[in-house]
Structures are given as C-alpha cells and as structure tokens.
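Structure first, then comments.
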C-alpha cells in the first residue's frame, strides 16, 4: 500500500501537515516548529525509500501513479520519477529539514504561517519534479510562487517588497509565455492523434500516445507560432528566468538579499533547478531540432553567465550578493553541460544541479548564521573572525572549496564532467568556460580572506560566539553529501545513466524524424558536426 | 589490469594513513574544538608519515625484485568518476618513477615532520596551532602521495589541487597577519590559472584518444594508445597564424603545452612564478617541504610521467627547455640582491626548478628526476637551516640584521654550508652531479633549437647561483654581528628534534649524488652501470638521451667547476674581503640594482595590467553599468515605473494587494485556457 503510493505520500505529506497546522488551535511556537521539522524529517525518511527502491538499470519512470482527474481534458493525476527527478526530489526533501532547523531562531514573527508556507512550498517543489502531466506540472510550478512570494515579502529584509514583486513579475512573465506554448503543444497533439492528452509520457505498457510523442513541426512546415523555434523560445524564456540565465538574472540578487536565510537556501537550492529541470524535461525532448539550433545561443549565454556572474560577484560588498552572483556562474555551467548533449555533459549537468543546491545552500546557511550574530552581511564589517569563530571558519572554507570545485568535494565532479562534455561539443565555448574555475577561486577566496583573516579590528567581532550544537548539526548534515559526492559519486551518477540516455535518445529520434520528414532540414541549422555529436551522444 | 602488473593492496595505505591522521585532526579541531596532547599529535602525525615511509620502502622492495621490464604494482579501489565513455579509477600504481617520488615525499616529509615538532613548539601565536599545523601537513602528504601514485591524469589532478589547497592553508597559517592571508590567496589563484590550462589539456587528451577509439586517462593506456594519435594534427584558428608551424599543429604539441602551463603554475616557472616568493610567508618547515622539496616539483614529475608524449612533441619540449632556462637565469638574478634569507632561497628554488625543466625539455628526464631528488635534499636542508637561524634570531629573517652567527650557531653554520656547497655545484656533492647531468643534456640536445645557448645560460646561472648562495652564507654567518647584543647573547643551536633532520639531510646532500653517478666517473672508479638511478628509471623514462664522449663530458664538468669557483670568488671578494664594495656597486649601478631589488617590477606589472583593470571592469562596467544600469535600470524598473504610473492613475482600485491580483490573473488565465479549448 505504502509502496504503491510512496511518491504521492512524499509529495503531499508536507502539505497535509501544513493544512492540519492551519486548522489547529493555539499552541506555543515551539510546537509549530517541532511539528514542521518532524514532518520534513519524515518526508525525507520516506524519500530514502524512493532512493533505495529505485532501480537504476531501468529506463523510464518508476513509482508511477496515475488517476483520472479531468479525464475529458486529458488531465490526469500522473506522477513518477526517473533518475533526474529522483536526485532533485532527494535534494528537496534533504534541504527542507536542514532549512527548518537552521531557521529555528531566525524567524520570530508569525511562526505558524511561516511553517505553513515552508511546508506547502515543499509539496509544490516535489510536485513539480514528479509531475508527468503537463497541466499538473504547470499547477505546481505556479503554486511554488505563492509561498515563496510570501516568505520573501513577509519575513524578508528591508527592501523585501521590492524584491518579492520583482521575483514575482519576472517569473510570472516567463510562466505566461510557457502557458501559451503549452496550450499550443496540447493543440498540436490533439491535431495529430485526435485525443486530448496532457500526459507527458504514456503509461508503461500502453500504446497510447503522449505529449512527448507529439511531432512539433520545424520551421517552414507550419504556422509560424506552431514551429519548434518559437515554442522552444517560449519555454526557454520561462525556464531561463528561473535558472537564471543572463540577462534575465537581476531578480536573483535582490530576492536573495532580501529573503530570510531559509528562503535563500530554498531559492538557490531548489527553485533555480526548476529552470534547468524544465529544460531537460521538456524543452530538449519536445523541440530537439530547435534545441540543437539554439545551442550556440544557449552556449553563449551560459559562458557569459559563467564569466559575467563571476566577475560581478567579485566586486560585491554584501556576502549574500557574492553568493547570489556565484549562482549565476554555477547555473551557467549547468546549462553548458546540458546543451553539450552528450552523456558526460548531461550527467555532469544534473549532478551539478544537486551540487549547487548543496554548496550554495550551505553558503547561504553560513551567511545566515553570521547575520544572526551581527545583523549585517557587509564584508567590510568583518575581518579576522577565524579567531573568535574557528569552527565556523573551518566549515566556511570547506564549503567554499566545494563551490570552487576542489577535487574530493562534490563541485569538482559535476564541473569536470560538464566541461569535458562541452569540450567535445565545442572547444571554443568550453575553454572560456573553463576559465571560470580561476574566477571562482578569485571571488570566493577574496571574500574568505576579507571575512576570516587578518587582525580582528572591529570590536564587535571580538565577542562573536562560535557555532552552537544546532548549527553544527545542520552543517555536518549538509557536509556529508558534499564529501560523499566528491569521493564516491558513483551511486548518484549510475542512477542518472538510464534517464540521461533516454533524453538523448529522444533528442536523436526527434532530430532524425525532423530531418527525415522535412524538406528543409538544412535550414534548421543541423550541421554535420552537430549531427555527429548527437550520434556520439546516443551511443 | 595490465598484463604483468601485480596487485599490491599495501599501496593504498601509503596515502591513506596520512589522510586518516589529517581527518582525525580535522574533526577534532574543525568541529569539536578538542585538542590532543602534544605527544598525541606527534604520535599520530609523525607516526602516520613515518609509517608511510616504511610502507614505501616495503613496496619498493616488492618492486625491485621484479624483472626490469615488469616493475609495476597496482592497487585499484573503485571507479571514482564515470559517465558515458569517461571513466577515471581511484587506482594507484607504483612504477620506478612513482617509487622515487614516494621515497622523496615520505622520506624528506618524515624528516620535516620531526623538525616541525621543534620548530612549531616555539609558536604561541595561536591556540591549537600546533595540531592545526600537523593536520595541514598530513593532508598535504596525502595529496602529494596521491599525485605521484595516481594511475591516471584525473587522480593526478586531485593530488595537484589538493597540494594547492594545503599550500594555501599553510602559507596563510598565521592568518591574523593580513599579508600571510594575501599570499595564500595569491598562490591559490595563480595556481588556478595554470590548472585552467591543465584541465584543457586533460580534455584534449581524453577526446583525442576517444576519437581514436581509446577513451582513457590512465597513464599506461594513454601510453599504449599514444602511437595512434601521435601524428594527428589540429588546425589553429586564423588569429593564431603568427605562431611557428601554424596553421597545422601536432596535437601532441598542443596537449603538451597545455599541460605544461599547468606545470608553470605549480612549479613556479615564468610567467606564473610570482606566487612562490610570497609563499615564504608560511612557516619555514612548510617552505622546506612544500615550496622546495615536494609540491613545486609536481610539474617536473608530470612532464616525466608523460615523457612519451613530450618526446614526441619537440615543439612543446623546446618551449619547456627555454622556459626552464630563462626562469633559471631570471630568478637567479633576482636572488642576487635580496636580503631576506627565505626570499633568497625561494628565488633559488624557482631557479633550480628551471634547471629541472631545462633538463626535461632537452629530453633528460632522468637528469631532471635526479636533480629533483638532490634538490629536495639540499634545499630542504637550506630551508631547515634557515629555520634554525630564524628561531635563534627570534623570527628575524633579514640578513641585514645577521652576520657573525657562526660562533653562536656552530652546527647550523656547518650544515648550512653543506647545503650551499651542494646547490652551488661543489665537486662531488650531490648537486654537482645532478646539475652537470642537466647541463650536459642541454649541451647535447641537438633537437632543441639553440641548445648551445641553453647550455650557456645554464652554465652562467650556475655561476650566479654560487655567487648568491655564498653571499647569503657570508652575510648570515660571517662578518660583524649586526643583530642586537641581547639577541646575539641568546642565540644558540636549536635542540635535537630540529638538528637531527638537518644532519640527515646534510648527509644526503653530500652523498646523494651516488645514486646517479654518471658513467664517466663510474669508469674511473671501475664501477659498471654506475648510474643506478638512470638504470632504475630507464624502463619508464627511456635511457640516457645524450651521447657525449667522456672526455668532452669531463671538460664540461670542468667548466661547471669553473663557474662555481667564479661565483665563490666574487662573493668572497664582495662580502668578505671588501664589504663596502657592494654598497658602492649598488650606487654605481643604481638602475640595475633597483630593477633587481624590485624583482623586475613583475608583481606591479601584473597588478596594473591585469588585476586592477579586471576589478574596475567588473565593478564599473559590468556591475554598475550593465547589471544595475542597463538591465535593471532600463529594462526592468523603467517599464515598471511606467506601468506603476499608469496604474496609479487608472487602476488603483484594482491594486488591492498582490496575492489577490495574482489569483485574479490566474483566474483570467484559466478562463483563457478553457475558452481556447472549447472554441
């Protein structure tokens, strides 16, 4: 029973607890916090069942559940996970208890609402990752916005309203475009197969056709807004805002700076992955020809993101802004590896999504711990605090090194595979991207030096108290996977093999179908090297 | 597993023992804030490294009993990183080349660990500093051992970055001092520039081999598959048309050069040497172990490890040889004017590393490894000797404040002199043989353009080396004491934990040359195959490259002795015979003196040409201009203001609150969807 509905249980447990909390009577704050932490821990515990029960050798989706919802419209409750969504679900369920524990003393106002929003956010995030029905995906995708908006807008810093609105509008603008594109695809599917269907893939064992089987015409075959490039562009804009890709990134630093620590961690750790996940889950398999065609654009923006994000990060004065801009650079790597369209790059890319969630999440946690003590994140306020806070300093340097991509820590594995894959696709993009590793060292170590080293000159820093037991526990928990992935990434990478190959196979089939049916194959920019790269990738 | 390779599960413990020690220290200090007793720290850290040394000797024993062509031990643990065709094992291999390296690393490492007990005892700047120091030192030993034992390029890179991290941590060990922290950061970032090229080199190796059907990064497989790609060429883009040989380059050359840029960073060669002199901010045992004996030689090891590639890439080899020679000369000239005892040694390290690259570039891989070994002995000796001086002088490092110390530090003085003689090439000390091997190799390297000029540079640098080393020795130990009476009264030789490693290293500095005794001397002594190092390394590195008649070789050795004598004589003249002369010389040649004293202004140049413009670009153009100005100012807030302006006039009743308007929008959207579907 539990086995058959494990995925739904993991998805909806947090929301269920949140609703119960909402309806419950008065209770001390500690109860709200405790119940929320317990619920998130239980969710994580259940998701371990997913991890263990997942069969890495099987292609396709596992833990599948499907039930009619609005069957007349082709809308089903349809969930399932493959390796990619498994990793991201694990990341979400893992980060949530950490975040709740980390913000134990941080949040003082309306604690009940806070935990309500956090838990419902968790359901929305997991729901987005496991959704196999487009409608359902869209609902969860939009649902995520609401709690995040309130978390920034209510529990945030001084300019929280500006940041919340900016976050909201940026994302909303992209989402609306995606909605239009979704409807077009829905319509195309209906046109081709005569059924109203929003299932992403067909239920295993049935011959039904699903959205991913839709043949989206390439340029020149259909009405302009029904062709792959336009639809891809609409999706890319929606996902690109979330990633965020330059120049759609400016909401991110503001949102991070104003969000409370927990908001920043979830934002960086999970929400940004929605964008990259969307690309790999929808944009690539649905519009392979356009994706290949747009690869130079994506590569260019990714490399600009890597270098630009790093350089701008270097000159920030606020610790959170440094980390926020570093996310722009890191997500640039993720995009680069994804559009390398080979196994090496794509596996590195998905792994790097997890890595970024861990490393950057950990950095935001650490920044938050310092903020709780000094109520400032201005780098210039600090200096020499390795002396009063040695444990904090040690952990900060460790996490920094993971973010820089030091071997034996998680970041290296992802970055290396990404760059390796990208190099096979295009050395001209991969080489400047590789230079990002130099800049990463520059901006992070410069910050570390200004915060931790030198004499303690500011008297307020002299009496800083080192991390307490709760904070240590939080950090140890997050350092464990950082080391694990760095030293022995195999359990993660092997769980990705089948699903990554499946994405590449779909791209390849789509490319072949497109070029076979279309008289204008050359016009879509499918050149011999790209074709060779794809052939290589699908091997 | 390769045929003939024997599994030896002992291998893994050589790096893992120091790692375990470092991990215990790390958890205790970084998390629990508990310390071991001093004895506990010593037992754990020194015990781990000495155990590694013993294990190294054991596996060396296992190795040498094997027949010459099959000396290879393997210890495979698991697949570290694997995706698609790419796979890198966590696997160690021991061949003669690795064996030499692990002996140097664990041998010299053990001595320096013991020395550190005495040296760091004196340190009271930070609580728990003693244990923290040994934690980093153990971590370093682990990384360095992985670097030399790893059986593939990626594992080498792991060690490569690991030693870089430890270098960063140890240079900035006394972090309360801003300068130290700055130097640590500088070292890491400059090294990363090299690592960037190194990574590109790894990508090139992998994809080139994958293209030929051998996707691998394991050294043995690369070597086996190398003939398949040896002749492949790559077409350079037009804007690189000015390069020699353009537009068609051998891939081997390109790969070789990329990896060598990495070596330039790690091994402090032009133009990336700038971090090493500043690395002297770290405690002296660190300077000895990391920044002289082991880590900085990683680049040389890498070139030797891939000698089959470099042997097939004459272009890359020529660049290596010339970079090495020019670095040797360049650094030696800077060393002439420096007065900080550790700075002089640092520049001499840069210079000696240049010699190693000169040798390797000229095809003398064995000679480079030989010099690597002897240099580890005498430079560790010199650094540890300088550490003894610094302890005695209460952390004064400027030789302007020394002089006349030989009366107070009798043993230190003699031991330091041994180091000076060895590095200067005093006949039959270790450095004499190894430096000579390199010079003879350069002399005979017909395949390298300008090999005679390389020889001349090497010989000239040898004279300069003798000069600045004796200058250092004379200024430190002879002449009138310049330190305060009080300091001089308390100056004395340090105690045994410090002195015993010095004695051991001095012994090795004198006799260490025997392992690589050139055949020309072997013949005189009636020893067949006297160069046992070359014979041992031969199966890995190829046998001696040069064919120089014995008479000519002796003649060249004569020149080298002449260079030594010249340097010594000038130093004696200037610093003992006529101590006012250097001052007057400095005034007469003030331009040249200032240039050297300021190290050719290279740091200032980099700062003005790269660092400042980059920061200004990032801040003024990218951040304020593009991010805040263009995207946010024009793209986001501009329209937003327009909308708000419109809304405040026309739509203020709709704007009741964002959550509501959001729901409203959702509703509108939903209606639109439904409308579309049922139309």
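Where a number appears in this text, it was derived from the coordinates with a stated rule and is not lab data. Just so it is clear, the model here is predicted, and its values are computed rather than measured. Quick reminder, even Gly has a Cβ in these numbers, built from the backbone with ideal geometry, and neighbours come from all protein chains shown.
Points worth noting:
- Taking the C-alpha atoms only, the angle from helix B:410-424 to the longest principal axis of chain B is near 80 degrees.
- Centroid-to-centroid separation of the stretch B:423-473 and the stretch B:178-216 [C-alpha atoms, Å]: 30 Å
- Length-normalised contact order of chain A in % [C-alpha pairs under 8 Å, at least 6 apart]: 15 percent
- Chain A, Rg to Rh (Cα coordinates; Rh as Kirkwood inverse mean 1/r): 0.96
- Over all Cα atoms in the stretch A:266-326, the spread is summed up by Rg and Dmax: 14.4, 43 Å.
- Histogram of C-alpha separations across the stretch A:182-331, 10 Å bin width, %: 11, 34, 27, 19, 9, 1
- Chain A: angle of helix A:469-487 to the longest principal axis, Cα-based, in degrees nearest 10: 40 degrees
- Here, the stretch B:326-383 yields an orientationally averaged convex hull projection of 3.6 nm² when only Cα atoms define the hull.
- Coarse-grained scattering of the stretch B:170-250 at q = 0.19 Å⁻¹, given as base-10 log I(q)/I(0) from a Debye sum over alpha-carbon atoms: -0.88
- Highest mean first, the peptides A:461-474, B:323-336, B:303-316 sorted by other C-beta atoms within 10 Å per residue fall in the order B:323-336, B:303-316, A:461-474.
- Cα-based Rg of the stretch A:320-368 normalised by 2.2 N^0.38 Å, two decimals: 1.22
- Using a cutoff of 8 angstrom between alpha carbon atoms and counting only pairs six or more residues apart, the relative contact order for chain B works out to 11 percent.
- Take the convex hull of the alpha carbons in chain B; its mean projected area over all directions comes to 41.3 nm².
- Our compactness index for the stretch B:494-565, the C-alpha radius of gyration over the empirical 2.2 N^0.38 Å, is 1.45.
- Estimated Rh, the stretch B:243-325: Kirkwood, alpha-carbon pairs, angstrom: 13.6 Å
- Over the protein assembly as shown, the hull volume per residue, using the convex hull of the C-alpha atoms, is 183 Å³.
- The orientation-averaged projection of the convex hull spanning the C-alpha atoms of the stretch B:228-280 amounts to 4.6 square nanometres.
- The stretch B:375-489: proportion of alpha-carbon pairs further apart than 22 angstrom, %: 42 percent
- Summed over all non-identical Cα pairs, the Kirkwood treatment of the stretch A:388-486 gives a radius of 15.4 Å.
- Whole-number D in µm²/s for the stretch B:82-173 (Stokes-Einstein; Kirkwood sum over Cα pairs; 10 °C, 1.306 mPa s): 109 µm²/s
- Cα-only Debye scattering, the stretch B:1-110: base-10 log of I(q)/I(0) at q = 0.13 Å⁻¹: -0.60
- Principal-axis tilt of helix B:129-149 within chain B, Cα atoms, nearest 10 degrees: 90 degrees
- Hull volume in cubic angstrom per residue (convex hull over the Cα atoms of the stretch B:297-398): 73 Å³
- Debye log10 I(q)/I(0) at q = 0.13, 0.20, 0.21 Å⁻¹ for the stretch A:318-451, Cα point scatterers: -0.54, -1.06, -1.14
- Arranged from fewest to most other beta-carbon atoms within 10 Å of their beta carbon, B:342, B:435 become B:342, B:435.
- Pairs of Cα atoms nearer than 8 Å and 6+ residues apart set the relative contact order; for the stretch A:310-409 it is 25 percent.
- Between residue B:611 and residue B:31, the FRET efficiency estimated from the beta carbon spacing at R0 = 30 angstrom works out to 0.25.
- Exposure proxy ranking, count of Cβ atoms within 10 Å, fewest first, for A:195, B:294: A:195, B:294
- Separation of alpha-carbon centers, the stretch A:73-104 and the stretch A:406-456, rounded to whole Å: 28 Å
- The order of B:85, A:449, going from fewest to most other C-beta atoms within 10 Å of their C-beta, is B:85, A:449.
- In the stretch A:86-154, the alpha-carbon atoms span a convex hull of 69 Å³ per residue.
- Whole-number D in µm² s⁻¹ for the stretch B:204-255, Kirkwood Cα-pair radius fed into Stokes-Einstein, 4 °C, 1.567 mPa s: 112 µm²/s
- Tensor-based shape of the stretch A:1-102 (alpha-carbon gyration tensor, a/c under 1.5 rounded, otherwise prolate or oblate): oblate
- Centre-to-centre, using Cα atoms only, the stretch A:1-22 and the stretch B:573-588 are separated by 86 Å.
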